[in-house]
Amino acid sequence: MNHTTLHTTLISTSELASALQSATPPVVLDCSGDTSDPDIGRRAYDAGHLPGAHHVHMGHTLSGPRTGDNGRNPLPDALMFLQAMSALGVSTDRPVVAYDNSGGLYAARLWWMLRWIGHENVAVLDGGLGAWKAAGLPLTAEASPRPTPAPLKTRPSLSKVVGHETLRANIDEPRWLVLDARGADRFRGENETLDPKGGHIPGARNRPFRDNLQADGRFKPAAVLRAEFEALLDGRPPEAVVNQCGSGVSACHNLLAMEVAGLGGAALYPGSWSEWCARPGAPIATGTD
């Protein structure tokens with residue numbers, strides 16, 4: 001990998017290992033985390049991470065301030081996010097590789113957000129930390145050298161965002177197909193432990209993000225993903241799809257999977273269910289309807 005090589009979706013462990021030995025290695029960002037414990041990701045990073053990787057905190061960097069009705073993980077200010085990436089050594093032309101210990105859940109959020117500020121040369125390590133370990137590749141508990149801040153410019157966004165009001169209007173005049181990345185039980189309105197109300201946006205279809213993965217934690221082949229998503233889209237173009245989840249995180253996993261499948265162009269509803277159910281009068285469906 002050099003600064004002209006584009007990895008825009010996934011990168012394998014062997015590709016990354018080779019790239020790290022090159023004269024122009026990528027910036028490697030560890031996104032390990034768990035929404036149930038905001039500090040668990042940093043502890044996991046400190047216990048062992050890819051050589052040279054820096055930790056990115058879900059709450060501090062990949063989310064913005066909560067207002068009470070903008071969801072559990074609202075997007076941060078785009079300029080502040082850009083500055084955070086610049087401080088980690090991400091430059092306008094330098095590749096970035098994101099990984100985590102959660103099947104790509106948090107790494108996909110960083111992938112989507114970098115595309116949000118126009119940075120195309122970003123990929124998720126396929127299989128994440130588990131695949132790296134399984135390949136016998138080295139980890140370290142040593143702190144990575146402090147990165148040198150790099151020039152990073154805002155460029156036209158490569159991501160699309162759809163807001164709450166647009167999806168409210170969509171119920172009466174359907175324009176978008178909404179895909180919900182939460183587990184099937186939460187989609188039905190059962191076992192809801194994260195948000196005050198259970199259920200889903202009326203008309204949404206369920207695509208649990210874990211369905212994108214094989215048993216070993218790597219993404220399914222592109223052709224398999226394409227067939228599965230096309231069955232859900234039922235003839236609609238990906239540009240007519242909005243992905244959402246509980247708080248705008250696992251929806252990015254579906255967006256990455258769609259990109260891997262050659263179905264790019266779908267949008268994200270950043271507030272997702274946690275915003276939807278907090279808004280007065282927002283209709284709620286339960287069961288499989």
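Candidates 194, 125: the one that is at negative phi and buried (at least 16 other Cβ atoms within 10 Å of the Cβ) is 125. The lone criterion from (1) under 15 Å from the mean Cα position of the chain (by Cα); (2) over 30 Å from residue 279 (Cβ atoms) left unmet by residue 58 is number (2). Reported count of residues in the stretch 214-252, each being surrounded by fewer than 16 Cβ atoms within 10 Å (Cβ to Cβ), of a type in the set (A, V, I, L, M) and part of a loop (DSSP other than H, G, I, E, B), is 1.
Just one residue in the set 148, 154, 140 is touching a helix residue (DSSP H, G or I) at 6+ places or on another chain (Cβ under 8 Å), closer than 30 Å to residue 82 by Cβ and surrounded by fewer than 17 Cβ atoms within 10 Å (Cβ to Cβ); that residue is 154. Annotation note: of 68, 59, 64, the sole residue that is assigned to a loop (DSSP other than H, G, I, E, B), open to solvent by 30 Å² or more (accessible area, probe 1.4 Å), free of Cβ contacts under 8 Å to residues at least 60 places away in the same chain and within 28 Å of residue 271 (Cα to Cα) is 59. When the criteria are applied in full, residue 248 meets the requirement of being touching a residue at least 60 places away in the same chain (Cβ under 8 Å), touching a Leu at 6+ places or on another chain (Cβ under 8 Å) and on the phi > 0 side of the Ramachandran plot. Residues of the stretch 92-139 that are small (Gly, Ala, Ser), over 17 Å from residue 32 (Cα atoms) and touching a Lys or Arg at 6+ places or on another chain (Cβ under 9 Å): 118 alone.
Yes/no matrix, rows are residues, columns are (1) in contact (Cβ under 8 Å) with a residue 24 or more places away in the chain; (2) over 18 Å from residue 103 (Cα atoms):
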{"position": "172", "(1), (2)": "no, yes"}
{"position": "181", "(1), (2)": "yes, no"}
{"position": "200", "(1), (2)": "yes, yes"}
{"position": "206", "(1), (2)": "yes, yes"}
{"position": "209", "(1), (2)": "yes, no"}
{"position": "219", "(1), (2)": "yes, no"}
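Summed over the stretch 25-47, the residues that are part of a loop (DSSP other than H, G, I, E, B), modelled with pLDDT of 90 or more and farther than 20 Å from residue 213 by Cβ give a count of 2. Of all residues in the stretch 77-102, those satisfying the criterion of being in a loop (DSSP other than H, G, I, E, B) and in contact with a Pro (Cβ under 8 Å, 6 or more places away or on another chain) are 88, 89, 91, 92, 94, 95. With the structure loaded, tell me whether residue 119 is farther than 22 Å from residue 8 by Cα and open to solvent by less than 10 Å² (accessible area, probe 1.4 Å) or whether it fails that test. Spelling it out, it is not the case that residue 119 is farther than 22 Å from residue 8 by Cα and open to solvent by less than 10 Å² (accessible area, probe 1.4 Å).
The values are calculated or read from the model by the stated rules, or taken from the named source; none is laboratory data. Note that the structure is predicted; figures quoted are calculated from it, not measured. When we count neighbours, we look across all protein chains shown, and the Cβ atoms used for this are built from the backbone with ideal geometry, even at glycine. In case anyone asks, the SASA skips ligands and DNA or RNA and just uses the protein heavy atoms, side chains included. Shrake-Rupley method; radii C 1.70, N 1.55, O 1.52, S 1.80 Å.
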